[in-house]
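The values are calculated or read from the model by the stated rules, or taken from the named source; none is laboratory data. Treat the numbers as computed from the prediction; the structure is a model and nothing was measured. Because the Cβ atoms are built from the backbone with ideal geometry, glycine has one as well, and the counts that use them run over all protein chains shown.
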Amino acid sequence: MTVTGRETDLPTEALPVQPGPAMVPQGRPPVRSAALPIDSAPAAEPVVPPTRRDVRRGRFRRWRARFVLLVALLAVGAVSAQQIALRLERADRIGLEGVELAAEPIDVVSRSSGRVVDILVQPGDEVQADDVLATVDVYRPAADGGERVEREQLVAPVAGVVATIPTNAGAALGPGEIAVQLYQPDRLRFETDMDVEQASFITSGMTGELTSPSTDDLAVTVVSVEPALRFSPDDPPRALVTLVGTDPEAVRSLLPGLTFTGWLQKGSVPRSSGE
């Protein structure tokens, strides 16, 4: 090294660098990077091409999924169509409530005062015309001014079914009092009363169906729509709708007094009935 005045001539070759501690900010440990050896990386698995069986199985699963989806869509469509049809059908119906099976009563009465000796029938019995239903001891004036007793038989005026027996053996019976009441099953009718506004949509010949918890469904036809009896001038006007069963044999076995609910189909009047 040569020093001339204030300048220092340095040799052109680089000064040797002495190894020393790394320059690390105070308070932080040195960061060391650990290189992963190439041999330790996971090896990729070999790609195995699908077999024909796998391809067929995949196709089958796709077709099965499509088929299940198609069946589900068809089922939903069928249910929706049924619901729409049911709503439309109900919209074309007139509801009936409190329909009663009615019979025209046939009264068997005593013509004179007397006392019931015997009742020979009971409700539900079928009888023929002139069958004896009951015997009564009647009191008639005697020639000496007293009374004489005659035995009288009460007979059925027509064939029918015993409906009620409002008396019993040993009871007194006045003239005209009912001993036995009959009805004819082939003349049973279904009756219901309703407000006149609802009845204005009902006409003779309309068909429908009645049902009750104790019977099968019964097909019926309207035979008349007329004003109902009003027991007071203040009562609102109502209409009486009368129907008959289309199958007489299904109706004749029923007892009067049964109540039904049902419906009538709008626009169900046959062409011959509307003319």
Only one of (1) free of Cβ contacts under 8 Å to residues at least 24 places away in the same chain; (2) in a loop (DSSP other than H, G, I, E, B) does not apply to residue 224, and that is (2)
Over the range 152-190, the set of residues farther than 16 Å from residue 120 by Cα and among the small types (Gly, Ala, Ser) is 172, 174, 176
Within the bounds of the range 116-127, is there any residue that is of a type in the set (Val, Ile, Thr), under 30 Å from residue 220 (Cβ atoms) and in the same structural domain as residue 261 (by TED's automatic domain parsing)? no
Reported set for the range 211-233 where residues are under 19 Å from the mean Cα position of the chain (by Cα), crowded, with 16+ Cβ neighbours inside 10 Å and of a type outside the set (A, V, I, L, M, F, W, C) is 212
Here the residues within the range 106-121 that are assigned to a loop (DSSP other than H, G, I, E, B) and within 16 Å of residue 174 (Cα to Cα) are 110, 111, 112, 113
Of the residues in the range 234-251, those that are loosely packed, with under 15 Cβ neighbours inside 10 Å and either under 14 Å from residue 190 (Cβ atoms) or without any contact (Cβ under 8 Å) to a residue 12 or more places away in the chain (or both) come to 234, 235, 246, 247, 248, 249, 250
Taking the range 165-176 and keeping residues assigned to a strand (DSSP E or B) and either surrounded by 15 or more Cβ atoms within 10 Å (Cβ to Cβ) or out of contact with any strand residue (DSSP E or B) (no Cβ under 7 Å at 6 or more places or on another chain) (or both) leaves 173
Is there a residue in the range 196-204 that is within 30 Å of residue 111 (Cβ to Cβ), modelled with pLDDT under 95 and not β-branched (Val, Ile, Thr)? no
Of the residues in the range 238-261, those that are more than 15 Å from residue 222 (Cα to Cα) and of a type in the set (Ser, Thr, Tyr) come to 253, 259
Picked from the range 122-145 (must be in a loop (DSSP other than H, G, I, E, B) and of a type in the set (D, E, K, R)), the residue nearest to the chain's Cα centre (by Cα) is 125
Pairing a residue in the range 167-180 that is at pLDDT 95 or above with any residue that is in a loop (DSSP other than H, G, I, E, B) and among the hydrophobic types (A, V, I, L, M, F, W, C), where Cβ atoms lie under 6 Å and the two sit 6 or more apart in sequence or on different chains, gives 180/165
Qualifying residue in the range 192-207 (condition: among the β-branched types (Val, Ile, Thr), surrounded by 14 or more Cβ atoms within 10 Å (Cβ to Cβ) and part of a loop (DSSP other than H, G, I, E, B))
yes
When every residue in the range 133-154 that is touching a residue at least 24 places away in the same chain (Cβ under 8 Å) and surrounded by 14 or more Cβ atoms within 10 Å (Cβ to Cβ) is compared, the one nearest to residue 185 (Cα to Cα) is 133
